[in-house]
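*Asks:* Attaching a single structure in structure tokens format; questions to follow.
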Amino acid sequence: GPTRKMPLTASAMDFFQLFVPDNVLKNMVVQTNMYAKKYQERFGSDDAWIDVTLTEMKAFLGYMISTSIHHCESVLSIWSSGFYSNKSIALIMTQSRFEKILKYFHIVAFRSSQTTHGLYKIQPFLDSLQNGFDSAFKPSQAQVLHEPLIDEDPVFIATCTERELRKRKKRKFSLWVRQCSSTGFICQIYVHLKEGSGADGLDALKNKPQLHSMVAKSLCQNASGKNYIIFTGPSITSLNLFEEFEKQEIYCCGLLSARKSDCTGLPPSMLNNPETPQSRGQYRIRMKGNMSLICWYNKGHFRFLTNAYSPVQQGVIIKRKSGEIPCPLAVEAFAAHLSYICKYDDKYSKYFISHKPNKTWQQVFWFAISIAINNAYILYKMSEAYHVTRYSRAQFGERLVKELLGLEDTSPSH
């Protein structure tokens, strides 16, 4: 749960600023102004530009965040006369001023000579965000590694033409998270660029298990020695990775797939389906030290690799139609944590910022901001302030937008 007690009067802004404090916003102001100056020195002066202020930067973020609540495809719809127009917030800043800030917006204006990382323009922000996640929340023992659902807005997908869909560029990165499976709080973000000639570029990692193993190690670099139980999908699950994690006192439970997983070192007899027909709930087990490989049957064969649960401990999977199906405890635990993450995706994925910039670092930035707001709401729900106001996720987002735009007096901070 949360590591600090927030006051009863804490506002949406107070929770958001646990992760994106004023010093981070001030840095955005400085870097944006520096970039605007550099740009104009190179391409000619822009008489319409005046340096952005902290108040304007907050309003700029507020406009962007509003797209996550109202799901408008373009943030510029706010100033239009159409369905997504919003007169109450459009008066805070003119559209032309917003577009100027959007043109010059930067987090790192200059590339240093030592920088080779493709995300250098956003890395300081991601590092700051990670520090905020680490200091504000202590996760439960059970956590999940996965790719959160950040696909296109389903409303847009349903209404656009095939030609419009083809025109939209595919994302050049994949976003992975380590997530507390009892609260949904995202503890760590890892961004992998799909293009790049470096050691972590996809060109150098043609085989997927190697790539996913690297992602898992990066996400768990702060987890060693804490006895966490990490749940993984088929793309990450592998004997070599789990054994490496066990040496760091990180325990695992993962779904295994003969097609997607790295099955090196696993007995082939357990990876092939038995010829004799199976009844639901039947399972076979092979062990090596603390590691168990479980093959469980339920309308198909499911394989699990774990060193976190004893294979002799019994559990049950409850189905609405067929009732209780017996299974090892590891299978029950995996199903429970996986279903929680599905619920999280259903509830929170629709609150990702709709704005789709062309630049990869900006796409990553808006996804990271969306995750920070979801985390802020999770902390708010676990605080005493929630019992006073009881905002839904949409109401919390609306409050945050209004506070960023300065439309309402926010409660005094700590």
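The values are calculated or read from the model by the stated rules, or taken from the named source; none is laboratory data. Predicted, not measured: the structure shown is a model, and the values here were computed from it. Heads up, the Cβs are rebuilt from the backbone with ideal geometry, glycines too, and the neighbour counts pull from every protein chain shown. For accessibility, only protein heavy atoms count, side chains too; no ligands or nucleic acids. Shrake-Rupley method; radii C 1.70, N 1.55, O 1.52, S 1.80 Å.
*Asks:* If you count only protein heavy atoms and use a 1.4 Å probe, how large is the accessible surface of MET214, to the nearest 10 Å²?
*Replies:* 50
*Asks:* Which pairs break 18 Å Cα to Cα here: LYS87/LYS402; LYS343/LYS381; LYS347/LYS402; LYS38/LYS121; LYS5/LYS350; LYS38/LYS103?
*Replies:* Working: LYS87/LYS402 13 Å; LYS343/LYS381 16 Å; LYS347/LYS402 22 Å; LYS38/LYS121 15 Å; LYS5/LYS350 29 Å; LYS38/LYS103 13 Å.
Beyond 18 Å between Cα atoms: LYS347/LYS402; LYS5/LYS350.
*Asks:* Further question on the same structure: Give the relative contact order (percent, whole number) for the chain; include only Cα pairs under 8 Å separated by 6+ residues. Mind showing how you got there, number by number?
*Replies:* Working: 606 pairs, mean separation 94.9, N = 414.
Computed value for the chain: 23 percent relative contact order.
*Asks:* Follow-up. Counting only the backbone N, which residues of the stretch 339-355 are under 11 Å from the spot 7 Å out from the Cα of LEU149 toward its beta-carbon?
*Replies:* Of the residues in the stretch 339-355, 341-351 have backbone N under 11 Å from the label point off LEU149.
*Asks:* With an 8 Å cut-off on Cα pairs and a minimum separation of 6 or more residues, tell me the relative contact order of the stretch 310-414 in percent.
*Replies:* On the way: 56 pairs, mean separation 13.9, N = 105.
RCO, the stretch 310-414: 13 percent.
*Asks:* Looking at [x] 64, 58, 38; [y] 78, 52, 46; [z] 61, 56, 46, which value of Cα extents along the principal axes in Å comes from a calculation on the structure shown?
*Replies:* For Cα extents along the principal axes in Å, the calculated option is [y].
*Asks:* For the residue pair ASN227 and SER339, what label-to-label distance in nm results when each label sits 7 Å from Cα along the Cα-to-beta-carbon direction?
*Replies:* 2.7
*Asks:* Let me ask something additional. With r defined as the distance between the Cβ atoms of ARG280 and SER45 and R0 fixed at 51 Å, what FRET efficiency is calculated, to the nearest 0.05? Don't jump to the answer; show the numbers that get you there.
*Replies:* Values: r = 74 Å, r/R0 = 1.44.
After rounding, the FRET efficiency stands at 0.10.
*Asks:* Sort out for me the Cα centre separation of the stretch 321-377 from the stretch 264-287, rounded to whole Å.
*Replies:* If we compute the Cα centre of each part, the gap is 31 Å.
*Asks:* A further question follows. Roughly to the nearest percent, how much of the accessible area of the chain is carbon and sulfur, given a 1.4 Å probe?
*Replies:* On the way: 10510 of 20540 Å².
Answer for the chain is 51 percent, counting heavy atoms of protein chains only.
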